[in-house]
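In what follows, a structure is listed as structure tokens, so that the remarks can point back to it.
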Amino acid sequence: MYKHNNLNDVSFFENDQINVRSNQIIDGVKYYGQDVIVNDARVGTFSNMYKINRTDQILRNVNDEIVKSNIDYKDVSIIDRHWSNGGKNSRTITFNNESIAPAKKIGDVSSMQITILNSYDGSMKASVAFGLLRLVCLNGMMALSTLSSFAKKHSNADVLNNEYGKIESFKSLLDAHRNSIDVMSNKTITLAQAKQLFNSTIAKNEVKEKTLIEYVQKNNRDAHDSINVYDLYNGVTEWATHHETRKTADNNNVYLSRQMDVTKLLQSENFLQLVA
């Protein structure tokens, strides 16, 4: 992990040595397809349709679009990560000058955040996602498709070439999301409704339901038997980024899985009906 505040610093990824070994004869046996080798570790084997898209080049293209947009990028906090022998990569950019807060909770600020994902091992598409970081407890609130995201398979040498322009819309989406959180902060539901919501979406077992309810109640500012929907939203996103994982788990994969759960919940018909 590398934390910094320089949008143009892609050094964490540009030094990766990435080689593709195609249709090789090894010990007299011919291997068809492509072996992808990152820093001397073979991370995957693919058909000849697979194309490498370097993470550092994707980041340079993203940066070009950010600069052309009306997003304030003067003050940013960046976390670069790679795992699985360098086969999986991510960058999270938090734009500290681009923030929103519910009208009823002025001090509860969330800042614009963009996450870029890429892989050399075939486990993830190349993608860019726009979400929020809640500054009260620094829990990532990446409701990926709920706000905006785009992703492409590694099928050509510049898979996101026709997608980068969508970054320009992120600023207007941030402004639109302000209305959504205002609606959430003015809507109260019962504890039973919250449990029913979890059961129908992301908590099919009692243990997970209980854990989610505990996080929601920790964020709850209303009566004991009622829950503000904005506090439910915060509780679920805090669970996604703060709940401890098993010692044997890969934290990066768990984080991504939980963010997908958050997205599924916020996109569900049951949740949308609650905030309608």
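No value in this document is a laboratory result; all are computed from the given coordinates. Fair warning: this is a prediction, and the values are worked out from it, not measured in the lab. Virtual Cβ from ideal backbone geometry, glycine too; neighbours counted across all protein chains shown.
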### Summary
Considering residues that are out of contact with any strand residue (DSSP E or B) (no Cβ under 7 Å at 6 or more places or on another chain) and part of a helix (DSSP H, G or I), the number found within the range 190-239 is 28
### Message
Considering only residues that are polar (S, T, N, Q), touching a residue at least 60 places away in the same chain (Cβ under 8 Å) and within 30 Å of Q34 (Cα to Cα), which ones fall in the range 109-122?
### Response
N118
### Message
Tell me yes or no: at least one residue of the range 5-12 is exposed (fewer than 15 other Cβ atoms within 10 Å of the Cβ) and more than 18 Å from I114 (Cβ to Cβ).
### Response
yes
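Does N70 satisfy being touching a residue at least 40 places away in the same chain (Cβ under 8 Å), assigned to a loop (DSSP other than H, G, I, E, B), surrounded by fewer than 17 Cβ atoms within 10 Å (Cβ to Cβ) and in contact with a helix residue (DSSP H, G or I) (Cβ under 9 Å, 6 or more places away or on another chain)?
Yes, satisfied.
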### Query
Just checking, how many residues over the range 57-94 are out of contact with any Lys or Arg (no Cβ under 9 Å at 6 or more places or on another chain) and either among the aromatic types (F, W, Y) or over 22 Å from N253 (Cβ atoms) (or both)?
13
